[in-house]
Each structure stands twice: as structure tokens, then as C-alpha cells.
Amino acid sequence: MDQPPAPGGDAPPAAGGIRVVGSLSPSRAGDFMNCPLRYRFRVIDRLPEPPSSAAVRGTVVHTVLERLFDHPPPGRTIAAAEALLEPAWHDLLAREPELATLFADEAERAAWLESARSLLTGYFSLENPAGLTPAARELYVEHVLDSGVRLRGYIDRLDEAATRDGPALRVVDYKTGRSPGPAFEGQALFQMKFYAYLLWRIRGVIPRELRLYYLADRTWIRVQPDESDLRATERKIDAVWSAISRARRTGDWRATPSKLCDWCDHKIRCPAFGGTPPPLPAADRPAPQATTVDRPEPKPAASEPAVRRAADAHQPDPDRPGTGPDPDPTDG
Ligand code: SF4
């Protein structure tokens, strides 16, 4: 889970001796950029969010696409992918038995599985996995900035080719929702640039391509980042972290209503909808003098709120393989 800095608390040192002051993933950065209050509910209050069938379907489909590459290339067929669906669902159910209550009856579960099959069909319409040799799947990446902020996340797939100019990397992400409209396309790529930035820092190589597959409407977008893109991403990450730290000091977690509210599990306690947030956890209550001195930080440039891949819905760390895609409109 992403962690804000613990006031006065000791965080474990990172490899390299930098004292870690907190963690940030692209999903949580996106939460904060979209609505600081939603970030607070998820990260500070750690309020539970019920699983949704869409989120769980996303998890299962991601698992299938990961396992598909266990097959030798000729065996990576749509039939093989479909055969992996039920086992992936049952494996998830074994880990999280409460998911059994997602479906009222077998017919509902069967319809849900059918919708997952349709997403797999969408995947095969976008690329032929028999022609690929991924370097990594569900790759955990982490880098600690000099400021002590640990950036981390999971990359769905990393493709790598040796070239005369050195390794060529391609970051691939599967979205089980629909593609974003033009106004959200740059926002959707923030997550990918976050990963590209991490790879650049970890391996010293700027990925040649960032590719997002939208399985629901069977389309994809891509970007070829350069150093200036990644430096801009670095500045944005710094700005987001500064704003999170300021919100934590002041206690000013602003509700920022948008169409994303329709997918927010916390409407009932949101002031924008007549609700009342619970008291902040004791460790996160701002010192009284801080609230009288500090002004609230303006919301960081909302030009690129991240689109969350998955499923933060009912699991603490959304960037860890587990329950599936977030139902945000930009990610289905
Ligand atoms: S309902 Fe909307 S404004 Fe309120 S916390 Fe959720 S996303 Fe933010």
C-alpha cells in the first residue's frame, strides 16, 4: 500500500541507505490528482471497498494473460487462454473466498465468465502472443528517490529485444475497460510514463515504447517517450508527493467532484454529496498550529490524472497482482 510519511515514525531504510519516507504508485498518484479526499479514504483511513465483478474480472483476465506465456509459442491460442479462465477464477476464489458472494447464482457467474472470454477475444484481436517472448510479466519495479519517496508498481508485461544500440524495452499494459476519450488519453499514459521513469532509473534505459491495450473496445494507444517526457513525469511525481505531504500536514483533503464520483465507494461519507468524513486517524491529525499557518496546496495540474489499472477496489495495494481493474470510466 502506498504510504504517506509517518510523522516522526521510522521507515525502513531502502537498499542504498536512503531513509524511506513513504511510497507512491501510479494508481495512488492518480487518485490524489483526481480527488485528494478519495486518496485520503483509501490510503490514510484505509477504508474497505467492496469488490466488484468488473474488478475481479480484470484480475482474472490479467492472470490468464500472464499464464498464457507459460505455454510455448504455438500453444498460445485463444482456446488455451479460455481454458485458463476457470482455473484463474478458482485460484482467486481460494485466496479470497468472500468473492463467492459476487454472483447471485450460476447463471450470473456464467455470464460474467462469458464477458471475460470476450475480453480475451479482444486481446487476440490486438496482437498474436505466439510471436512474442516477454522478458517479464507482472514485473515489480521500485525505485527510491533521493527525497526518500519509494516509487513502485507492477508492469503487466515487459518486452525486450537486443539491438545494436542496446536493449530496446517495450512496456505493455492491459486494460479491461474501454479506452479513454481524447481528453483522457494523456492522463491514461501517466501510469505508463511512471513505469518508464522507474525503468529508466533502475536500468538506465528509456523504454522505446509504452503500449496500452484496451481489451473491451479492442484498441490500443502507444507513446514513444523521450528523456524530456520522463523528466516531466519526474517533476509531476515530485509535485504530487509535495501536495500529499502538505495535505497530511494541514488535514486539507479536498473533495474534488467529477464524473469519477460515480465509481467512488465513498460517496456516502463525502461532503460533496452531503456526507461527513470520519475523523482522521490519530497519527494523521494535523498539529493545530499547522492548520492556522499553512494554506492548502493547490491541486496539482490535473492534466494527467492516472488511469488506474486495476482493482484497487478491495485490496490494499492496487499495483500488486490481485483483484482486477478499477471501474473508473477511463478504465472501464
Ligand atoms: S465521491 Fe467524488 S468527490 Fe467524493 S471522495 Fe469520491 S471521488 Fe472524491
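The values are calculated or read from the model by the stated rules, or taken from the named source; none is laboratory data. Bear in mind that the values here come from a model prediction, so they are computed numbers and not experimental data. Glycine gets a Cβ as well: all are built from the backbone with ideal geometry, and neighbour counts include every protein chain shown.
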Worksheet item: Can you spot a residue in the range 29-38 that is over 15 Å from the mean Cα position of the chain (by Cα), more than 12 Å from the ligand (Cβ to nearest atom) and not charged (D, E, K, R)?
Response: no
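Does GLU127 qualify as being acidic (Asp, Glu) and under 17 Å from the mean Cα position of the chain (by Cα)? Write out each step before concluding.
Numbers: acidic (Asp, Glu): yes; under 17 Å from the mean Cα position of the chain (by Cα): no.
Against the criterion (acidic (Asp, Glu) and under 17 Å from the mean Cα position of the chain (by Cα)), GLU127 does not qualify.
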Worksheet item: Restricting the search to the range 149-167, which residues are at pLDDT below 95 and either under 23 Å from THR219 (Cβ atoms) or buried (at least 16 other Cβ atoms within 10 Å of the Cβ) (or both)?
Response: none
Worksheet, complete the sentence: How many residues of the range 50-64 are outside any helix (DSSP H, G or I) and modelled with pLDDT of 95 or more? The answer is 0
Fill in: Selection count, the range 50-95, where residues are acidic (Asp, Glu) and buried (at least 17 other Cβ atoms within 10 Å of the Cβ)
1
Worksheet, complete the sentence: Matching residues in the range 254-283 (more than 9 Å from the ligand (Cβ to nearest atom) and either in contact with a Cys (Cβ under 7 Å, 6 or more places away or on another chain) or assigned to a loop (DSSP other than H, G, I, E, B) (or both)) number 6
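Check LEU93, LEU47, LEU151 and return the single one that is assigned to a helix (DSSP H, G or I) and in contact with a helix residue (DSSP H, G or I) (Cβ under 7 Å, 6 or more places away or on another chain). Don't jump to the end; show me each part of the working.
Working: LEU47 fails: assigned to a helix (DSSP H, G or I); LEU151 fails: assigned to a helix (DSSP H, G or I).
On inspection, the qualifying residue turns out to be LEU93.
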